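Structure first, commentary second.
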Amino acid sequence: MKKIVILLLGSLFFFPGCLGDPYPVPETIEARLIFYNSLMEPDKVVWEVDNSVSISGQSYGLPAEAVAEVEDYSQLVHIKASTLEGGIALDSLDYHLDPFRYYMVSILGTEEEPYLLCDTMDTGFPTIGLMKMRFLQAAENMGAIDIYVGGGTPEHRILSGIEYSQLSDYVEASHESFWNAIIITPAGILPGDSTILSFTVNNNFTPNKTYLGIINHTEIDPESSFRMQIFNQPVY
């Protein structure tokens with residue numbers, strides 16, 4: 001790993017540039033990592049990639065992006081999360097990065113029981129006219145959940161039994177369906193019987209786009225209410 005360039009994001013919107021000439025060799029070969037902090041601790045998180053600090057202090061619920069220069073395909077890097085105060089090591093993992101790819105990295109849990117995950121983003125466009133979305137269940141005391149899109153009847157259930165710390169598969173539907181309703185229930189329970197979260201009139205969704213929904217708490221308190229944060233994901 002040669003260097004890390006820090007980009008702090010208040011919100012995530014991506015406008016990849018177009019290459020006028022497909023043949024020139026780029027001056028640097030980069031992979032991009034987008035970090036999400038759902039750690040239930042008041043301290044900020046410090047991210048390191050191959051022992052170089054990439055994010056110096058990330059607050060709860062806010063995304064941040066780092067651009068990593070890589071030397072080759074499938075380059076193994078070491079990703080580590082620590083606390084800003086005291087430099088307490090939380091968790092770490094090794095992951096293979098490819099140039100020109102996006103990766104999501106997230107820290108969940110608490111200092112006593114942290115959980116770190118990394119996954120390659122699918123940056124391909126959704127089916128024409130549809131939108132694509134995946135979900136991260138980051139609230140431990142919520143338990144396993146089902147997710148419904150477009151309505152509350154069984155045929156609207158698109159994901160089943162998503163456990164804490166699990167990152168779902170990507171799912172596609174019309175943006176009108178996502179506008180109409182995203183409903184989260186305990187696993188195996190219909191919305192009419194028990195609903196944890198219900199989102200309606202989500203008019204920020206756009207067809208031909210991809211989104212990440214992180215289900216966590218409104219505050220750094222396990223007794224606070226649940227919410228779902230929605231972030232744009234890169235497509236190109």
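The values are calculated or read from the model by the stated rules, or taken from the named source; none is laboratory data. All values derive from a computational prediction rather than experimental measurement. We place every Cβ from the backbone using ideal geometry, glycine too, and count neighbours over all the protein chains shown. Just the protein is used for accessible areas: all its heavy atoms, side chains included, with ligands, DNA and RNA removed. Shrake-Rupley method; radii C 1.70, N 1.55, O 1.52, S 1.80 Å.
With θ set to phi - 60° and the Karplus curve 6.51 cos²θ - 1.76 cosθ + 1.60, what are the ³J(HN,Hα) couplings of segment 100-106 in order, to the nearest whole Hz, using x for Gly and Pro?
Karplus-based 3J(HN,Hα) across segment 100-106 equals 6, 10, 9, 9, 9, 10, 9 Hz.
Classify segment 96-169 from the C-alpha gyration tensor, please: rounded if a/c falls under 1.5, else prolate or oblate depending on whether a/b exceeds b/c.
Note, shape of segment 96-169 comes out oblate.
When a/c reaches 1.5 or more, the comparison of a/b and b/c decides; with that in mind, is segment 141-236 rounded, prolate or oblate per its Cα gyration tensor?
oblate
Which order, highest average first, do 84-95, 136-147 follow once you tally other Cβ atoms within 10 Å for each residue and take the mean per peptide?
Ranking, from highest mean packing down: 136-147, 84-95.
Of all the accessible heavy-atom surface of segment 45-162, with the other protein chains kept in place and a 1.4 Å probe, what percent is carbon and sulfur?
Answer for segment 45-162: carbon and sulfur cover 49 percent of the accessible area.
Only helical DSSP H runs with n ≥ 4 go in: add -39500 (n - 2.57) per run for the chain, normalise by residue count and round the 222 nm mean residue ellipticity to 500 deg cm²/dmol.
Only helices count here, giving -500 deg cm²/dmol.
With a 1.4 Å probe and every protein chain left in place, work out the accessible area per residue of the chain in Å², rounded to a whole number.
Result: 48 Å² of accessible area for each residue.
With every protein chain present, what accessible area does Phe205 have (1.4 Å probe, heavy atoms only), rounded to the nearest 10 Å²?
Here the accessible area works out near 10 Å².
Would you work out the relative contact order for the chain, in percent, from Cα pairs under 8 angstrom that are 6 or more residues apart?
Result for the chain is 18 percent.
From the gyration tensor of the Cα coordinates in segment 75-223, what semi-axes in whole Å does the equivalent ellipsoid have, largest first, with each one equal to sqrt(5λ)?
So the three semi-axes of segment 75-223 are 29, 21, 12 Å.
Quick one: Cα centre-to-centre distance for segment 201-236 and segment 45-73, in angstrom?
21
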